[in-house]
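What follows is a set of notes on a single structure, which appears directly below.
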Amino acid sequence: MRDTILEQGPGTSGGLASAATSHAAAREQLWTRPFALLLSAGSAFGFAFSSYHLLPKYMAVELGAGPAEIGWVAGIFGAASVVTTMAVGSCIDHVSRRALFMASAFLLAISSLAFMWVTEVGPLLYLLRIVQGVAFTMQMASYSTLIADMAPTSRLSEAVGLSGSSMLIMNAIAPAIDEPLAAAVGWPSVFALALVASLVAATLASSADGSKPVQEGRRGTLLQVARRPHSQLYIGVVFLTAIAFAAMFTFLQPLALAEGYRDVSSFFVAYAAAAVGVRLFCGWLPDRFGRKRVALVAMVLYVLTLAYVAAAGATSLVGIGAVFGLAHGVFFPALNSLAIQFSLPSERGRLMTLFAGAFNLGAWGGAAGLGVVAEASGYGAVFSIGTGATTAALVLLWKSKAMGRARLRVV
C-alpha cells in the first residue's frame with residue numbers, strides 16, 4: 001500500500017483540505033487492540049520510571065546529598081543512556097522492537113528491586129542508575145518506533161502525542177502516589193511499586209503485536225543517518241531543549257525545598273495534566289497548522305517558563321508545572337513527527353534512537369554540569385543556563401531550512 005505524505009513547513013498553507021480528508025478516512029485505523037495494549041505498556045513503564053523523578057528529593061532528604069551529588073547521579077544516568085544509543089541504534093531496525101521494549105522493562109524491574117538496598121550515595125546507587133539509563137534508551141527508541149509503525153501517516157502527530165501522553169500522565173500519578181507512600185511506609189515501598197509496574201509493562205508489551213514488519217530497502221547506518229542535515233538539526237534542537245528539561249526536573253525540587261516547600265509532587269501533577277490535556281484535545285494542531293510552526297510557538301513557552309524561574313524562583317509549583325507541561329506537551333510531538341516525516345520508514349528506529357541519545361545527553365548529562373553550577377552559583381544560574389539553551393534551540397529551528405520545505409513523498 002502506498003501512502004502519500006504531505007510534508008509542510010511553517011510557510012506552507014496548501015494541502016489542508018486533502019490532509020483533513022485523509023485524516024477523517026484513517027480515523028478508525030489508529031485505535032486497534034495492539035495500539036491500545038502498547039499504550040498501556042507505555043503507561044506502566046512510565047509509572048515505574050516516573051517514580052524516580054522523586055530521586056532528587058530522596059537523595060536530599062534520605063541520603064543527605066547536595067546539588068553536586070544529585071547532578072552527578074543524574075549525569076551517570078545520561079552517560080549510560082548515550083553510550084547505549086550506539087548499540088541500540090545499530091540493531092533496532094534489525095531486531096524485534098517489541099522484544100527490545102520488554103527487555104527494557106525487565107531491566108527497570110531488576111534495578112527497582114535492588115534500589116531497596118541503597119543506603120548511601122555510593123557505587124550501588126551509581127550502578128543502578130547506569131542500568132536504568134540503558135533501560136530508558138531501549139524503551140524510548142523501541143516504544144516510539146512501534147507507535148510510528150502502527151499509526152496511519154495522516155495521524156502521525158496524534159499518535160506520537162498519545163504515546164508521550166501515556167507516559168506523561170504517570171509523571172503526575174506516580175509522584176502523587178509515591179510521595180505520601182514514602183512518608184507513611186518508607187522509600188522501599190516506592191521501589192517495590194516501581195518493580196511491579198515494570199513487570200506489568202513487560203507483560204502488556206508481550207501481547208502488543210500489531211506493528212508492521214521492519215521496512216526493508218535503503219537503510220543507512222546510525223552514523224549516516226546522524227550526518228543528514230535534518231537529523232543534525234533534530235539532534236541539536238533536542239539536545240539544547242533537554243538541558244532546560246534537566247534544569248526543571250532535577251533542580252526545581254531542591255530549589256523548592258530550600259524555599260520552604262515540603263511536598264513537590266504538585267509540580268508533576270500540574271505538568272502532566274497540562275501536557276496530557278493538550279495532547280488529548282489539541283493533538284491535531286501540528287498536523288493541521290504545520291509541525292515546525294507549532295513547535296516554534298511551543299518553544300517560546302519553554303523559554304518564558306525557564307526565564308521566570310530564573311528570575312522569581314519556585315513561586316508556584318502548580319503554575320510553573322502547568323505552563324511547562326503545556327509547552328512540553330505541544331513541542332515534542334510536533335518536533336518528532338516533523339523529523340519522522342523527513343526520514344525513510346526503514347530508518348525510523350535509528351532516528352528515534354538518536355532522539356533518545358540527544359535527549360538523554362542534554363537532560364541527564366547536562367544535569368551533572370548544572371549540579372556543579374548550582375553548588376557554586378545557586379539555582380538561579382541553573383535556570384538561566386536552561387533559558388539560554390532553549391533560546392538557542394528556538395533560533396536554530398527557526399533559522400534552519402533543513403526541515404522547513406513542503407514536499408510530497410510516496411512510501
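Residue by residue through the range 4-60, note down the ones that are buried (at least 22 other Cβ atoms within 10 Å of the Cβ) and modelled with pLDDT under 85. Scanning the range 4-60 gives a single hit, GLN8. Going by what's in this entry, would VAL276 be described as within 18 Å of GLU179 (Cα to Cα) and either crowded, with 19+ Cβ neighbours inside 10 Å or touching a residue at least 60 places away in the same chain (Cβ under 8 Å) (or both)? No, not satisfied.
Residues in the range 69-99 that are closer than 24 Å to PHE191 by Cβ and of a type in the set (A, V, I, L, M): ILE70, VAL73, ALA74, ILE76, ALA79, ALA80.
Would you say ALA109 is more than 23 Å from PHE249 (Cα to Cα) and either exposed (fewer than 15 other Cβ atoms within 10 Å of the Cβ) or modelled with pLDDT of 90 or more (or both)?
Values: more than 23 Å from PHE249 (Cα to Cα): no; either exposed (fewer than 15 other Cβ atoms within 10 Å of the Cβ) or modelled with pLDDT of 90 or more (or both): yes.
When the stated conditions are applied, ALA109 does not pass them.
Check the range 261-271 and report whether any residue there is surrounded by fewer than 24 Cβ atoms within 10 Å (Cβ to Cβ), free of Cβ contacts under 8 Å to residues at least 24 places away in the same chain and farther than 25 Å from TRP72 by Cβ. Within the range 261-271 (the criterion being surrounded by fewer than 24 Cβ atoms within 10 Å (Cβ to Cβ), free of Cβ contacts under 8 Å to residues at least 24 places away in the same chain and farther than 25 Å from TRP72 by Cβ), the answer is yes, since at least one residue qualifies. The residues in the range 104-137 that are free of Cβ contacts under 8 Å to residues at least 60 places away in the same chain, among the aromatic types (Phe, Trp, Tyr) and part of a helix (DSSP H, G or I) can be counted, and the count is 1.
Can we say PHE101 is at pLDDT 95 or above, of a type outside the set (S, T, N, Q), assigned to a helix (DSSP H, G or I) and under 30 Å from ILE147 (Cα atoms)? Give the steps one after another, and end with the answer.
Working: at pLDDT 95 or above: no; of a type outside the set (S, T, N, Q): yes; assigned to a helix (DSSP H, G or I): yes; under 30 Å from ILE147 (Cα atoms): yes.
No: the conditions fail for PHE101.
When PRO175 is tested against (1) modelled with pLDDT of 90 or more; (2) within 17 Å of ARG262 (Cα to Cα), just one condition goes unmet, and that condition is (1).
The values are calculated or read from the model by the stated rules, or taken from the named source; none is laboratory data. Keep in mind it's a predicted model, so treat the numbers as computed, not measured. With ideal geometry, Cβ positions are generated from the backbone for all residues, glycine too; neighbour counts draw on all protein chains shown.
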